[in-house]
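Below is one structure; the comments refer to it alone.
The values are calculated or read from the model by the stated rules, or taken from the named source; none is laboratory data. It should be emphasised that the depicted structure is a prediction, and the values quoted were computed from it without experimental measurement. Please note: Cβ atoms are built from the backbone with ideal geometry, for glycine as well, and neighbour counts cover all protein chains shown.
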Amino acid sequence: MGSRRRLITGRALASGLYLGAAALSLGGCKKKVEPAKPAPVESAMPVDRLAPGELPEGREVAFGLKLPQGMGIARGFPGVVHATSTTLRPEQVANYFRARVVDGTVSAGAVGTRFIDVHAKTDPKRELAIEIRAGAPGVTTCEVLLRDTTPPPVEPGLSEDERRRKAGLTPDGKLLDPKHME
């Protein structure tokens, strides 16, 4: 059998050439190389990004408050809006509204979350009550009831009796004309 010859593979040849070039370049160079400065970091999260679990604003608006994307107005009456979603969870929607209202009280319970006497950041003059609860199984995942609870403006210069009479009430709070309840 003849002599054994060792074949040099392409990978071994390339790594040998690389090591040789590196050794030559280190020996003849006396210039110091400064490390590159890292680019400045502007912020941890860009402005146009949402936090994990945060809902984006939708196009529907109720009492100056934008509803989350994926929620639509099912019914609307003077002073009351009923909105539903087939994809959003009540906890997500409660956190969405929590970030967009101020003042008032928030009570979270087993059945749902209630925001009482809150003001939308976009319309601070309007007082709202918001109730968020789980939807009907198989129909919706979340239901929201928004009520405008802003008290009517008080006319200056009227006495208490004049205000009641204008509202259709007697001085003791009974209806002036029970046949006309409007």
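Each residue in the stretch 144-178 was checked for being assigned to a strand (DSSP E or B) and touching a helix residue (DSSP H, G or I) at 6+ places or on another chain (Cβ under 8 Å), and 1 pass. Might you let me know whether the stretch 112-135 holds any residue that is loosely packed, with under 14 Cβ neighbours inside 10 Å, assigned by TED's automatic domain parsing to the domain that holds residue 73 and of a type in the set (A, V, I, L, M, F, W, C)? Within the stretch 112-135, none of the residues are loosely packed, with under 14 Cβ neighbours inside 10 Å, assigned by TED's automatic domain parsing to the domain that holds residue 73 and of a type in the set (A, V, I, L, M, F, W, C). Every test in (1) among the small types (Gly, Ala, Ser); (2) at pLDDT below 60; (3) crowded, with 17+ Cβ neighbours inside 10 Å is passed by residue 94 save one, and that test is (2). Scanning the stretch 94-119 for residues that are among the hydrophobic types (A, V, I, L, M, F, W, C) and in contact with a helix residue (DSSP H, G or I) (Cβ under 9 Å, 6 or more places away or on another chain) turns up 106, 108, 115, 118.
Annotation for the stretch 92-108: at least one member residue is more than 16 Å from the chain's Cα centre (by Cα) and assigned to a loop (DSSP other than H, G, I, E, B). Cβ-Cβ distances below 7 Å connect no pair with a first residue in the stretch 51-65 that is farther than 16 Å from residue 92 by Cβ and of a type in the set (Ser, Thr, Tyr), a second residue that is in a loop (DSSP other than H, G, I, E, B) and at pLDDT below 80, and a separation of six or more residues or different chains. Please indicate, with yes or no, whether at least one residue in the stretch 151-174 is surrounded by 14 or more Cβ atoms within 10 Å (Cβ to Cβ) and within 18 Å of residue 54 (Cβ to Cβ). No - not one qualifying residue is present in the stretch 151-174.
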